[in-house]
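What follows is a short report on a single structure.
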Amino acid sequence: MSTSSVPLSQVPDAAGRFGEFGRRFVPETLMHALEELTEAYASAKADPEFNRQLDDLLMNYVGRPNPLYHAERLSEQAGCNVYLKREDLNHTGAHKINNSLGQALLCLRMGKKRVIAETGAGQHGVATATACARFGLECCVFMGEEDIRRQRLNVFKMKTMGAEVRPVTSGSRTLRDATNEAMRDWMATVENTHYILGSVVGPHPFPLIVRDFQSVIGKEAKKQCEAAFGKLPDEIVACVGGGSNAAGMFYPFIDDDVKLTGIEPGGRGPNAGDHAASLSHGEKGVLHGSYSYVLQDDDGQTLDVHSVSAGLDYPGVGPEHSYWKDAGRVQYLSVSDDAALDAFRTMATLEGILPALESSHAIAHLLATKDQRSGSENVVICLSGRGDKDVQEVARVLGQEI
């Protein structure tokens, strides 16, 4: 636990610092746009009409509040009371829509007509294409060729809603490379384009904005836990790639006496290139405009990474997660591809729910720690998205035909 007198909830500061993490490491051409976004967000946050409009969209368009579901059969397997925060039931099938709608409203306030985004598993791309269609904004989504292969259903959805999906053929052709290309586009078009960044990464104020828009997850869960079992949960578990669902889930509990556990993608094993566990194996460095834990070699070059989940296939993590790790507030662990695939099938057969492969990592951790739990323990899992998008990739990995 941090020994600082400043509550953990009171970061970042005005310069975007989460302790030593965060800040801005960007070319001068982006500084004006980041300042403009900072001012627009501060103004919107204090505007009752902005908050009313966003709340209305979240309730009537997204379908919030979504349930906190007591998973009885999974609880028997896990040796504790398991509750699922059902972000998979949101319109578009994941938590990503919370942030995309909020940033689309900011885009309108700034008078910009074009939106770009990056996506790995496609859920952020679909959410952004959806928000742009809703408001009549031009939309371009950057996506690595490897992720386009893995997530064809989401590519079709984005195109159907009028978005351009621009393939990225450089590097490992995954989320890191898509983010690189989105940054390059933004530098060239910043006067009329807003970049809806999809996770709690990037230069200030993106980690702050995305965390705040995603905090609706934890705020709802807090009320629902009180209603379901009359107190706060003993533990909350969420998957962590860039870390947006975990940040939104954890942040409203960060000053409370609740155990918080983030699960990273352990991939094929601990060797470099076989996983994407930045907090478990990374070093401090700069990636995509922010100082955080990054998977890099001895020369500071970003490493290639791997995860069976396209949404977790990223070599960095949000700076606030790095801050929470070093403060000792959140425990970060990793589970393997195989364990996540087993959890995917276990959830399907026990609860009739296909979880996203991202969320399957959190479920895998819960099942692996069964012997450490008491029957009376209440554990909340953030089910960040549904697994429809992953069934073709799961079938391919398991050698099955659809």
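The values are calculated or read from the model by the stated rules, or taken from the named source; none is laboratory data. Not measured: the values here are computed from a predicted model. Using ideal geometry, Cβ is built from the backbone for each residue, glycine included, and neighbour counts are taken over all protein chains shown. All accessible areas refer to the heavy atoms of the entire protein, side chains included, with ligands and DNA or RNA removed. Shrake-Rupley method; radii C 1.70, N 1.55, O 1.52, S 1.80 Å.
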Given the conditions (1) over 25 Å from Gln301 (Cβ atoms); (2) in contact with a strand residue (DSSP E or B) (Cβ under 7 Å, 6 or more places away or on another chain); (3) in a helix (DSSP H, G or I), report the number of the one that Leu101 does not fulfil. (2)
Is at least one residue of region 48-67 within 28 Å of Leu367 (Cα to Cα) and either in contact with a Pro (Cβ under 6 Å, 6 or more places away or on another chain) or at pLDDT below 95 (or both)? no
Return the residues of region 20-49 that are surrounded by 12 or more Cβ atoms within 10 Å (Cβ to Cβ) and either touching a Ser or Thr at 6+ places or on another chain (Cβ under 7 Å) or part of a loop (DSSP other than H, G, I, E, B) (or both); say none if nothing qualifies. Glu20, Phe21, Gly22, Arg23, Arg24, Phe25, Val26, Asp47
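Here is a yes/no grid of residues against (1) in a strand (DSSP E or B); (2) closer than 30 Å to Lys389 by Cα; (3) over 17 Å from the mean Cα position of the chain (by Cα):
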residue	(1), (2), (3)
Lys219	no, yes, no
Lys231	no, no, yes
Glu264	yes, yes, no
Pro270	no, yes, yes
Tyr291	yes, no, yes
Tyr323	no, no, no
Those residues that are surrounded by 12 or more Cβ atoms within 10 Å (Cβ to Cβ), among the small types (Gly, Ala, Ser) and over 21 Å from the mean Cα position of the chain (by Cα), I need them from region 1-18; list them, please. Ser2
Which of the residues that make up region 128-141 are open to solvent by less than 10 Å² (accessible area, probe 1.4 Å) and either in contact (Cβ under 8 Å) with a residue 60 or more places away in the chain or β-branched (Val, Ile, Thr) (or both)? Thr128, Thr130, Ala131, Val141
Going residue by residue through region 367-384, is there one that turns out to be within 19 Å of His306 (Cα to Cα), at pLDDT 95 or above and surrounded by fewer than 24 Cβ atoms within 10 Å (Cβ to Cβ)? no
Among (1) open to solvent by less than 10 Å² (accessible area, probe 1.4 Å); (2) touching a Leu at 6+ places or on another chain (Cβ under 6 Å), which single condition is Arg86 missing? (1)
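If the requirement is being more than 18 Å from Gln214 (Cβ to Cβ) and small (Gly, Ala, Ser), which of these qualifies: Ala44, Ala71?
Details: Ala44 fails: more than 18 Å from Gln214 (Cβ to Cβ).
None of the others qualify; the one that does is Ala71.
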Evaluate region 183-204: report whether one residue or more is closer than 22 Å to Glu358 by Cα and open to solvent by 20 Å² or more (accessible area, probe 1.4 Å). no
Selection over region 305-344 where residues are touching a Pro at 6+ places or on another chain (Cβ under 8 Å) and charged (D, E, K, R) yields a count of 3
Using beta carbons and a limit of 7 Å, which pairs, at least six apart or on different chains, have the first residue in region 272-298 and on the phi > 0 side of the Ramachandran plot and the second one β-branched (Val, Ile, Thr) and part of a helix (DSSP H, G or I)? His288/Thr179
Looking only at region 272-289, and only at residues there that are within 21 Å of the chain's Cα centre (by Cα) and among the aliphatic types (A, V, I, L, M), the one that is most open to solvent (accessible area, probe 1.4 Å): Val286
For Asp88: the one exception among (1) more than 24 Å from Val200 (Cα to Cα); (2) touching a residue at least 24 places away in the same chain (Cβ under 8 Å); (3) assigned to a helix (DSSP H, G or I); (4) touching a strand residue (DSSP E or B) at 6+ places or on another chain (Cβ under 6 Å): (1)
